[in-house]
Amino acid sequence: MTLTEFAPIIEVIEEAYEIPHLNATRKISAVLPYDYYQTDKRYPVLYLQDGQNLFNPLALYGDWAIDKSMEKLAEEGMSDIVIIAIDHGEEERINEYLPYYHPRFGEGKGNFYIQFMIERLIPYINNNFRTLTDFENTGIGGSSMGGLISLHAGLSNPGVFGKMMIFSPSLWISKTIFNNTKSFEPLEESKIYLYSGGKESIEHLPNAQKLGSIIKEKMIKGHRIDFHFSINEMGNHAEVHWREEFPKAVKWLFFNS
């Protein structure tokens, strides 16, 4: 596919960005609007996990092709968003995206990872890119374990992440996430986009439906949450389905006023 004038600008921020909270480094990239350097606009930001799988067609399990999606959205006039892609920790991935204790995986370093994002990465991005820094314009997202840590980050930091893009979250790994959702107190209106496939695992969709029911119950009780639940009955746990869902979620979260 040839690049058009609407193709986003992809920049590697750093190949080995230091994460002192984890005693590790990660590659971090920015996906900028095609006209970023031709304007003085400020943009909302979406922080996405599993950066290796977002715009690399040679990725082991396929990719989300977010660059292609952003190109098409730009053609429709919806390009005003900065996406920050954070690579996962390879063999450390589950541990770093796990926010709770698990008998097999141990304590989990997820809270340290979120701490890194809030204390170090987000301030860096806001200082080095033209961003809108308020709650309403700061989003987080991911799939599978990346979806779990993104949901946990949004629930546990209600003043930071105003938008959550949660695809096929690994809710099976800890039922604590349901209790955290029940006690979630959004400070302003939170937008949550949840997706699940019907053929991911025997528990996957039922867990997502349980999560959705808790969120809807909170909305009925007057909590300020805007919620969209998307189900693909034929979808399995794969990048190809997250690729299809991504532009729908971006539209709903960032361009659906």
Quiz item: Cβ-Cβ below 7 Å, separation at least six or inter-chain, first residue in segment 240-253 and under 12 Å from LYS68 (Cβ atoms), second in a helix (DSSP H, G or I) and of a type in the set (A, V, I, L, M, F, W, C): which pairs?
Solution: PHE246/ILE66; PRO247/LEU73
Quiz item: Restricting the first residue to segment 57-74 and requiring it to be more than 12 Å from GLU244 (Cα to Cα) and at pLDDT below 90, which pairs with a second residue that is in a helix (DSSP H, G or I) and of a type outside the set (Asp, Glu) meet a Cβ separation below 7 Å and a spacing of at least six or different chains?
Solution: ALA59/GLN52; ALA59/ASN53; TYR61/ASN53; GLY62/VAL240
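Would a scan of segment 34-43 turn up a residue that is touching a residue at least 24 places away in the same chain (Cβ under 8 Å), part of a loop (DSSP other than H, G, I, E, B) and at positive phi?
First pass over segment 34-43, keeping only residues touching a residue at least 24 places away in the same chain (Cβ under 8 Å): 34-37, 40-43.
From what is left, the residues that are part of a loop (DSSP other than H, G, I, E, B) are 34-35, 40-42.
Cutting the leftovers down to at positive phi gives us none.
For segment 34-43, residues touching a residue at least 24 places away in the same chain (Cβ under 8 Å), part of a loop (DSSP other than H, G, I, E, B) and at positive phi: absent.
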Exercise. Give the residue that is surrounded by the most Cβ atoms within 10 Å (Cβ to Cβ), with candidates limited to residues of segment 72-108 that are of a type in the set (A, V, I, L, M, F, W, C) and over 21 Å from LEU132 (Cβ atoms).
Key: LEU98
Quiz item: So ILE83 fits all but one of (1) within 18 Å of the chain's Cα centre (by Cα); (2) part of a loop (DSSP other than H, G, I, E, B); (3) not charged (D, E, K, R); what number is the exception?
Solution: (2)
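Inspect segment 215-223 for any residue being within 24 Å of ILE84 (Cβ to Cβ) and touching a Lys or Arg at 6+ places or on another chain (Cβ under 9 Å) and give the result as yes or no. Lay out the reasoning, then the answer.
As a first pass, look at segment 215-223 and keep what is within 24 Å of ILE84 (Cβ to Cβ): none.
There is no residue in segment 215-223 that is within 24 Å of ILE84 (Cβ to Cβ) and touching a Lys or Arg at 6+ places or on another chain (Cβ under 9 Å).
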Exercise. Only one of these is of a type outside the set (Phe, Trp, Tyr), more than 22 Å from LYS251 (Cβ to Cβ) and surrounded by 16 or more Cβ atoms within 10 Å (Cβ to Cβ): LEU60, LEU22. Name it.
Key: LEU22
Self-check item: Unmet criterion (only one of (1) modelled with pLDDT under 90; (2) surrounded by fewer than 18 Cβ atoms within 10 Å (Cβ to Cβ); (3) under 26 Å from TRP252 (Cα atoms)) for THR39
Solution: (1)
Quiz item: How do the pairs read when you match residues in segment 193-212 that are under 21 Å from PHE161 (Cβ atoms) with residues anywhere that are polar (S, T, N, Q) and in a strand (DSSP E or B), using Cβ under 6 Å and keeping only pairs 6 or more apart or on different chains?
Solution: TYR195/SER230; ALA208/SER196
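Here is a check on your reading of the model: is GLU15 in contact with a Lys or Arg (Cβ under 6 Å, 6 or more places away or on another chain) and at pLDDT 95 or above? Walk me through it before giving the result.
On the way: in contact with a Lys or Arg (Cβ under 6 Å, 6 or more places away or on another chain): yes; at pLDDT 95 or above: yes.
In short, yes.
Residues being among the hydroxyl-bearing types (Ser, Thr, Tyr) and over 14 Å from the mean Cα position of the chain (by Cα): count how many of those fall in segment 47-66. First the steps, then the outcome.
Going residue by residue through segment 47-66, those that are among the hydroxyl-bearing types (Ser, Thr, Tyr) are 47, 61.
Filter once more, so that each one left must be over 14 Å from the mean Cα position of the chain (by Cα): 61.
Total meeting the criteria: 1.
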Quiz item: Can you name every residue in segment 6-33 that is without any contact (Cβ under 8 Å) to a residue 60 or more places away in the chain, part of a loop (DSSP other than H, G, I, E, B) and touching a helix residue (DSSP H, G or I) at 6+ places or on another chain (Cβ under 9 Å)?
Solution: PRO33
Quiz item: Can you find even one residue in segment 109-117 that is under 24 Å from SER144 (Cβ atoms) and among the β-branched types (Val, Ile, Thr)?
Solution: yes
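The values are calculated or read from the model by the stated rules, or taken from the named source; none is laboratory data. Just so you know, these numbers come straight off a predicted model, no measurement behind them. Cβ atoms come from the backbone with ideal geometry, glycine included; neighbour counts cover every protein chain shown.
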